Every structure is written in C-alpha cells, then in structure tokens.
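The values are calculated or read from the model by the stated rules, or taken from the named source; none is laboratory data. In this text, all values refer to a predicted model and were calculated from it rather than measured experimentally. Glycine gets a Cβ as well: all are built from the backbone with ideal geometry, and neighbour counts include every protein chain shown. Ligands, DNA and RNA are stripped out before the accessible areas are found, and what is left, the full protein with its side chains, is counted by its heavy atoms. Shrake-Rupley method; radii C 1.70, N 1.55, O 1.52, S 1.80 Å.
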Amino acid sequence: QVQVVESGGGLVQPGGSLRLSCTASGSIYSIGVMGWYRQAPGKQRELVARITSGGSTNYADSVKGRFTISRDNAKNTVYLQMNSLKPEDTAVYYCNAAKYGSTWPGNYWGQGTQVTVSS
C-alpha cells in the first residue's frame, strides 16, 4: 500500500513561518497531483494548495501570497512553505496524493499534522 507521511507542523506565533513536508512511498506506479488540505475545529476540510507533476499550482484565496507549494517529483515529496501565519490558519493539515490521471482529491491521504498559530 501507499504511505503518505507529513511533517513540519507545530506551534508558531502570528506572523511566523512553518514549512510542511509530505512524502508518498510504497506501491506507487505514478503520482500526479499532490497538495494540501486543512481542517480547522468546527469547519469542513478545505483545499489549501495543490501542484501538478508539471508544476502548475493553485491556492485558496485565503493563503495566496503567503503560502508557496512546491514538489520534488523524484522523491514524491511536496512542500508547503507557510509565511505570515495568522490565527485562522490553525488547523490540521493533510497531504493528499493522486494517482496520475485520476480525479482530485486522490486516494492517498496522510494522517495530518497540527499547525497552531497563537500568541
């Protein structure tokens, strides 16, 4: 089976930065889109950012200009650089990876990493 593992979450003050990493491994033929969702307390899970294997990106309006998504295709790893963090960014962040050519979101989910923005 495919394993998706996130890291990099933690507690940060408003205005601070964090960098999340996610690696997909295991029985993978080809990974297409990779990206990040988040779920805040009492809210639905929402798309934060995603990136295709070719490097095309899209972001939620709430994070555009502050977050940057990137990937290393050779390592099946996706990153999320989060700058100028706000309390409303507090959430569990989940990595998602889709089989190449499949719909988004894909079948492969990480267990989530907690990001808390608080003074």
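Remarks
- All positions within region 99-119 that are in contact with a Phe, Trp or Tyr (Cβ under 7 Å, 6 or more places away or on another chain) and either open to solvent by less than 20 Å² (accessible area, probe 1.4 Å) or among the polar types (S, T, N, Q) (or both): Gly110, Gly112, Thr113, Val115
- Residue that is surrounded by the fewest Cβ atoms within 10 Å (Cβ to Cβ) [pool: residues in region 85-98 that are within 21 Å of Gly26 (Cα to Cα) and within 12 Å of the chain's Cα centre (by Cα)]: Tyr94
- The number of residues in region 82-119 that are under 12 Å from Ile51 (Cβ atoms) and in contact with a Ser or Thr (Cβ under 9 Å, 6 or more places away or on another chain) comes to 1.
- Checking each residue in region 51-82 for being in a loop (DSSP other than H, G, I, E, B) and within 24 Å of Ile28 (Cα to Cα) picks out Thr52, Ser53, Gly54, Gly55, Ser56, Asn76.
- Residue within region 7-27 that is more than 15 Å from the chain's Cα centre (by Cα), modelled with pLDDT under 95 and in a loop (DSSP other than H, G, I, E, B) present: yes
- Residue satisfying all of: in region 83-119; in a loop (DSSP other than H, G, I, E, B) and among the aromatic types (Phe, Trp, Tyr); farthest from Gly10 (Cα to Cα) among these: Tyr100
- Only a single item in (1) assigned to a strand (DSSP E or B); (2) free of Cβ contacts under 8 Å to residues at least 40 places away in the same chain is not met by Gly35, and it is number (2).
- Matching residues in region 74-84 - criterion: being open to solvent by 50 Å² or more (accessible area, probe 1.4 Å), of a type in the set (S, T, N, Q) and in contact with a strand residue (DSSP E or B) (Cβ under 8 Å, 6 or more places away or on another chain): Gln81, Asn83
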